[in-house]
Amino acid sequence: MLSVKGLRAKVGDEEILKGLDLTVRPGEVHAIMGPNGSGKSTFAHVLSGRDGYEVTDGAASLDGVDLLALSPEERAQQGLFLAFQYPVELPGVNNTYFLKAALNSIRKARGEEELDAVSFLRLIREKLKILHLDDSLLKRAVNVGFSGGEKKRNEIFQMALLEPKLAILDETDSGLDIDALRIVAEGVNALRSPERSVILVTHYQRLLDYIEPDVVHVLYKGRIIRTGGKELALELEERGYGWIIDEEHAA
Amino acid sequence: MTSTPAVDDFVKSDYEHGFVTEIESETFPPGLDEDVIRAISARKGEPEFMTEWRLKAFRHWQGMAKPTWAAVDYPPIDFQAISYFSAPKRPEDAPKSLDEIDPVLRETYDKLGIPIEEQKALAGIAVDAVFDSVSVATTFRATLAEAGVIFCSISEAVHDYPELIQQYLGSVVPHTDNFYACLNAAVFSDGTFVYIPKGVRCPMELSTYFRINARNTGQFERTLIVAEPGSYVSYLEGCTAPQRDENQLHAAVVELVALDDAEIKYSTVQNWYPGDAEGRGGIYNFVTKRGDCRGARSKISWTQVETGSAITWKYPSCLLRGEGSIGEFYSVAVTKGRQQADTGTKMIHLAPNTRSTIVSKGISAGRSTQTYRGLVRIGQRAAGARNHTQCDSLLIGDRCTANTLPYIEVKHPGARMEHEATTSKISEDELFYCRSRGLGEEDAVSMIVNGFCKEVFNELPMEFAVEAQKLLSISLEGAVG
Ligand SMILES: Nc1ncnc2c1ncn2[C@@H]1O[C@H](COP(=O)(O)OP(=O)(O)O)[C@@H](O)[C@H]1O
Ligand SMILES: [Mg+2]
């Protein structure tokens, strides 16, 4: 499914990703952990095609399609989804209108028929329920005046609607209280399927109690320095990152 | 007016056929002097008071200088090179087919889904069958007549309702007002007259679109709307389809009068031909629009969406003369390519407890220049006056210019004024967020810009708002990057 090899990327003159390798197979959930500033969000942005990053080396493909050659919208149309660490407010842009345009644009690119207003509303109501979100959300402007928790839930709601092949959740758990966390986790779990993969970027074991990862990675200074099973996350929770970093330096 | 038998005959024969049948009339040779003014008036069969009014304006205009304060730049206009009788275009001058029309314009017609016959009419091509809005217009007229509403061309009004015209024409924008308004008073071709009787709520939105004989009203249009006490009217001007006209200079005047407790809602979508990529051939749109809240608790709202013209010079204003009267201005102005717009509003508070609201959204792209120029004046008598102004500019690309020039004059210490202004670039974060959800770059821009303009679109009548959004999206295509 996702294959990243030797990925290097710069912001300005500073190299942030320094040879990152990652393979995610269909149906797998991977957690990427690591101290602040290690490049987790940068990785998510580079994969989804945000401007302002220069990829200097390496490759990234989704189901054999070279992601790096595509525009952000084409990547989304290929089935990539990024749940933002800081969801963006779109003043005056109605949520329903936004979601319908997004979904239909993706459907069109996939050669599927666009949904009419009625089928769309039926679908959207169904997805709202999964995230325990209120109908009133549909009438509001995208993310405007949403609480921190609402914004994060809205990201997962969008994911549920767009049904990506690969979703990257960038610190979706931070700023959520325990109830909201459970709802978000339920939402993600409901979407787990043998064809769909998820990358969870997180600092905390907490989220992984609810969404059990198949593989856990530690990202540090732009590289993956340790990969293990879910027990690695528990160990990190207990001991912090210091010991791995020390071992890395020693090696 | 010295009335000769020849002129009388001329007038009479013309008038017998009615306004609509002027189709084959000739165009006057270029040039402007008193004889031309008299001839225009005679040609339209006007009563003497009209001729005198035009002449008075012309004499005044001769002593006026062209205004130079606006932030727009254009070559000097030779006023003697213009033909001042705006008869409908002669068939031999009009484009013969759509193939002769700027392909960009045609593309826009197609995108807006305008039927071929209508495209031809908009492009000034002679069409045999006027599309089926004739019957619509007839139905409209019947409904309006029942309500006692007068909705006709200003030429008709001059004949049929001379007392109303004499009482109100020039009472809001006097012929001495400014260079272009003065010229308009002297030579105005035609336009619209609306009269809403006391206590009547006009049963439908009034739109020039449905007034067949308002087509080709030409470059010096004049509109007068009078709302008697307790009445209400919503008037829609223009249409989203880009309109072409070989007359480059347009100097229209719009006057609104709202008496006690009356309300006038005036909505405009202006999409005159902006010219080619270099701005050649675009319309110069120099408009004077003013509303007079003459009565207590009266209300006038201007809502406009401006995307066309090579040059726009326009400040729809409100004179708040009635106690507790309300003036509103909601505007979206889009400039791209080489377009220049100097636009804004004036809110003149002359009575106690008057309120005004200004919401201006300017979007500049390409190498365009856009200036918001707004005046809020609180007079000595305007105790308890309030104004809220919000002026936002959005820049697309880095070769365009946006200026905000608010002028505030407060002569009463109790006034409450709020002013907010922002200038921003279209945000990378917002764009990336939309695109990461699968929306193409142009769709993303249009969505963000439409969101930016939301407050203004909310003020437009529903159908018009939908069209305006579509127009905005089309206007912005290719404006990114
Ligand atoms: N747009 C940017 N401009 C400059 N530096 C950046 C930019 N984005 C990220 N960085 C730097 O890259 C490093 C990694 O940041 P980030 O990917 O946000 O880390 P994480 O998500 O792991 O906390 C940090 O040192 C950060 O300061
Ligand atoms: Mg981060």
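Mind listing whichever residues of region B:380-401 are buried (at least 20 other Cβ atoms within 10 Å of the Cβ) and either among the small types (Gly, Ala, Ser) or more than 12 Å from B:Thr354 (Cα to Cα) (or both)?
Across region B:380-401, the qualifying residues are B:Ala382, B:Ala385, B:Thr389, B:Cys391, B:Asp392, B:Ser393, B:Leu394, B:Ile396, B:Cys400.
Condition check ((1) basic (Lys, Arg); (2) crowded, with 18+ Cβ neighbours inside 10 Å) across all residues:
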{"site": "A:Gly79", "(1), (2)": "no, yes"}
{"site": "A:Pro87", "(1), (2)": "no, yes"}
{"site": "A:Val93", "(1), (2)": "no, yes"}
{"site": "A:Arg107", "(1), (2)": "yes, no"}
{"site": "A:Glu113", "(1), (2)": "no, no"}
{"site": "A:Phe146", "(1), (2)": "no, yes"}
{"site": "A:Gly149", "(1), (2)": "no, no"}
{"site": "A:Met159", "(1), (2)": "no, yes"}
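In region A:24-45, which residues are over 13 Å from A:Thr202 (Cα atoms) and within 14 Å of chain B (Cβ to nearest Cβ)?
A:Thr42, A:His45
For region A:27-64, give me the residue count where each residue is within 9 Å of ligand 1 (Cβ to nearest atom), closer than 13 Å to A:Glu15 by Cβ and surrounded by fewer than 19 Cβ atoms within 10 Å (Cβ to Cβ).
1
Search region A:201-240 for residues being of a type in the set (Phe, Trp, Tyr) and either assigned to a strand (DSSP E or B) or within 16 Å of ligand 1 (Cβ to nearest atom) (or both), and hand back the single one that is nearest to A:Tyr86 (Cα to Cα).
A:Tyr204
What number goes with the only condition from (1) away from chain B (no Cβ under 14 Å); (2) within 30 Å of B:Ser424 (Cα to Cα); (3) not aromatic (Phe, Trp, Tyr) that A:Leu121 does not pass?
It is condition (2) that A:Leu121 fails.
Out of B:Leu460, B:Leu439, B:Leu431, report the one residue that is assigned to a loop (DSSP other than H, G, I, E, B) and within 11 Å of chain A (Cβ to nearest Cβ).
Just a single option satisfies the conditions, and that option is B:Leu439.
Listed here are the residues, each with its yes/no results for (1) open to solvent by 60 Å² or more (accessible area, probe 1.4 Å); (2) away from ligand 1 (no atom under 16 Å from the Cβ).
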{"residue": "A:Phe120", "(1), (2)": "no, yes"}
{"residue": "A:Lys129", "(1), (2)": "yes, yes"}
{"residue": "A:Leu138", "(1), (2)": "no, yes"}
{"residue": "A:Lys152", "(1), (2)": "no, no"}
{"residue": "A:Ile156", "(1), (2)": "no, yes"}
{"residue": "A:Glu163", "(1), (2)": "yes, yes"}
{"residue": "A:Asp173", "(1), (2)": "no, no"}
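So is A:Leu82 in a loop (DSSP other than H, G, I, E, B), of a type in the set (A, V, I, L, M) and at the interface with chain B (Cβ under 9 Å from one of its Cβ atoms) or not?
It is false that A:Leu82 is in a loop (DSSP other than H, G, I, E, B), of a type in the set (A, V, I, L, M) and at the interface with chain B (Cβ under 9 Å from one of its Cβ atoms).
Only strands (runs of 3 or more DSSP E) wholly contained in region A:12-62 count here; list those with 3 or more residues that are more than 16 Å from ligand 2 (Cβ to nearest atom).
A:14-24, A:54-62
Any idea how many residues of region A:85-114 are touching a strand residue (DSSP E or B) at 6+ places or on another chain (Cβ under 7 Å) and either within 16 Å of ligand 2 (Cβ to nearest atom) or at the interface with chain B (Cβ under 7 Å from one of its Cβ atoms) (or both)?
Counting residues in region A:85-114 that are touching a strand residue (DSSP E or B) at 6+ places or on another chain (Cβ under 7 Å) and either within 16 Å of ligand 2 (Cβ to nearest atom) or at the interface with chain B (Cβ under 7 Å from one of its Cβ atoms) (or both) gives 5.
Do any strands (runs of 3 or more DSSP E) lying entirely in region B:253-367 carry at least 3 residues that are touching a Phe, Trp or Tyr at 6+ places or on another chain (Cβ under 9 Å) and either open to solvent by 10 Å² or more (accessible area, probe 1.4 Å) or not small (Gly, Ala, Ser) (or both), and which ones are they?
Correct list: B:253-258, B:263-270, B:284-293, B:299-306, B:311-314, B:326-335, B:340-349, B:355-364.
Take the residues of region A:46-79 that are more than 8 Å from chain B (Cβ to nearest Cβ) and among the small types (Gly, Ala, Ser): which is farthest from B:Lys454 (Cα to Cα)?
Among those residues, the one meeting the criterion is A:Gly58.
Mind checking whether some residue in region B:71-85 is crowded, with 17+ Cβ neighbours inside 10 Å and in a helix (DSSP H, G or I)?
no
For region B:378-428, list the strands (runs of 3 or more DSSP E) that sit wholly inside it and hold at least 3 residues that are within 14 Å of another protein chain (Cβ to nearest Cβ) and touching a helix residue (DSSP H, G or I) at 6+ places or on another chain (Cβ under 7 Å); which are they?
Passing ranges: none, list empty.
State the number of residues belonging to region B:29-66 that are open to solvent by 30 Å² or more (accessible area, probe 1.4 Å) and either in contact (Cβ under 8 Å) with a residue 40 or more places away in the chain or of a type in the set (D, E, K, R) (or both).
The qualifying residues number 18.
Condition check: in contact (Cβ under 8 Å) with a residue 24 or more places away in the chain, β-branched (Val, Ile, Thr), open to solvent by less than 50 Å² (accessible area, probe 1.4 Å) and closer than 28 Å to A:Leu2 by Cα. Does A:Ile168 satisfy that?
Spelling it out, A:Ile168 is indeed in contact (Cβ under 8 Å) with a residue 24 or more places away in the chain, β-branched (Val, Ile, Thr), open to solvent by less than 50 Å² (accessible area, probe 1.4 Å) and closer than 28 Å to A:Leu2 by Cα.
The values are calculated or read from the model by the stated rules, or taken from the named source; none is laboratory data. The structure presented is a predicted model; accordingly, all values stated were derived computationally and were not measured. Cβ coordinates were reconstructed from backbone atoms using ideal geometry, including for glycine residues, and neighbour counts include every protein chain displayed. Only protein heavy atoms, including side chains, enter the accessible area calculation; ligands, DNA and RNA are left aside. Shrake-Rupley method; radii C 1.70, N 1.55, O 1.52, S 1.80 Å.
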